[in-house]
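So the structure is just underneath, and the comments pick up after that.
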Amino acid sequence: MRTILVAVDGSIQGSPLLRYAFETYSDAEFIALSVIDPTTRPEEYLIKSKAVQWLQRKRAATDERQQTITELASEYDVSVSTAIAYGRTAGAVVDRSEQTAVDQILVGRRPHSNAVSDRLGDVVPRIIRRASVPVTVVRTSDEHRNATPPESVLVPVDGSDRALGALDHACETFPTANMTALTVRDTVSEFFEETDTTVWDEDTEPAQELSPWQQTRNERSETILQAARDRAEQRAVALDTVAVDGSPVAEISTYVEANGIDHLYMGRTGRTSYQRLLLGSTTMDVLRRCAVPVTVVPQPSRSP
């Protein structure tokens, strides 16, 4: 049975996030983790005596919230255990996920903010970068309800193992959803950036020069999509495939909104400095733009 760690914090819309979790993954076991971060206490509580008072109040509020979580789980007839951790939020969440060997982490963010980290600094990006399991980021509020479970799922693919790993996870988690694999092809501007046009003369036909490049690009995109079809077929999941031209972040975000996608899957690179830069420039930009839940799957995938 899948075990999911739900990060419940005062800055995150706790109840809507838990409702989303219980409705979407109703057959899972849950750990609801509340993190008390002493570094966030107001300046007036820096002295020891007042700091203790602040921690006591935070602990009392957390205990009350955990009772509410237990009652909510009973309403949904799901299995949940509650836990409290002290320390910086991102580290506490990732450490607990490793200690308890969970299969997935769920975190929330405010629905009307483009900042994936809200007032907790860069907590969401830190969790995504450090976690060894998939992390699902959900915009939640009492007014907005995400589709649970999702009826349509989008997985961008680029031929990499990380993208196929994300597709594996999507197929295994939501096998009955309308599943689409999207690949974004280079635009013609890429051809001109790669080509030394200074050697062209008045007899050069740009269309003839461009044709082989376009053919190679289109063949590559078809190879990428066929690999995705084969992967989904292995899991007996029907898969639609789409190829578009443009910038990955813009095209993924546009496709999600234009086609009523309920859930987006992204493959995550590793954890070197260069790979973190790639994560920040693509996955995080998509997270900022997309209102739907996004699951970021680390590489290598646990799926075969």
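Each value in this text was obtained by applying a stated rule to the coordinates, not by laboratory testing. Model, not experiment: these values are computed from the prediction. Please note: Cβ atoms are built from the backbone with ideal geometry, for glycine as well, and neighbour counts cover all protein chains shown.
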Along region 251-264, what does the Karplus equation 6.51 cos²θ - 1.76 cosθ + 1.60 (θ = phi - 60°) give for ³J(HN,Hα), rounded to whole Hz, x for Gly and Pro? 5, 5, 5, 5, 5, 4, 6, 6, 10, x, 5, 9, 8, 10
Proximal charge balance of D95 [Cβ under 11 Å; K/R count +1, D/E count -1]: +2
Cβ-based net charge around E194, under 15 Å, with every Lys or Arg adding one and every Asp or Glu removing one: -2
Measure out, as a whole number of angstrom, how far apart the alpha-carbon centroids of region 208-256 and region 162-190 sit. 9
Amide H neighbours of A32 under 5 Å, at least 5 residues apart or on other chains, H built in the peptide plane: list them. V6, S81, T82, A83
Quick query: amide H of G267 versus all other amide H atoms, modeled in the peptide plane; which residues come in under 5 Å with a sequence gap of 5 or more or a different chain? V297
Which one, V135, A166, T148, projects farthest toward the positive side of the charge dipole computed for region 134-215 from Cβ point charges (K/R +1, D/E -1)? T148
Across region 84-99, in residue order, what do the Karplus-derived ³J(HN,Hα) couplings come to in whole Hz, using 6.51 cos²θ - 1.76 cosθ + 1.60 with θ = phi - 60° and x for Gly and Pro? 10, 10, 10, x, 5, 4, 4, x, 5, 5, 5, 4, 5, 5, 7, 5
How would you order 253-266, 51-64 from highest to lowest mean count of nearby Cβ atoms within 10 Å? 253-266, 51-64
Calc'd 3J(HN,Hα), region 235-244, phi into Karplus 6.51 cos²θ - 1.76 cosθ + 1.60 (θ = phi - 60°), Hz, glycine/Pro = x, comes to 9, 6, 10, 6, 9, 8, 10, 9, 10, 10
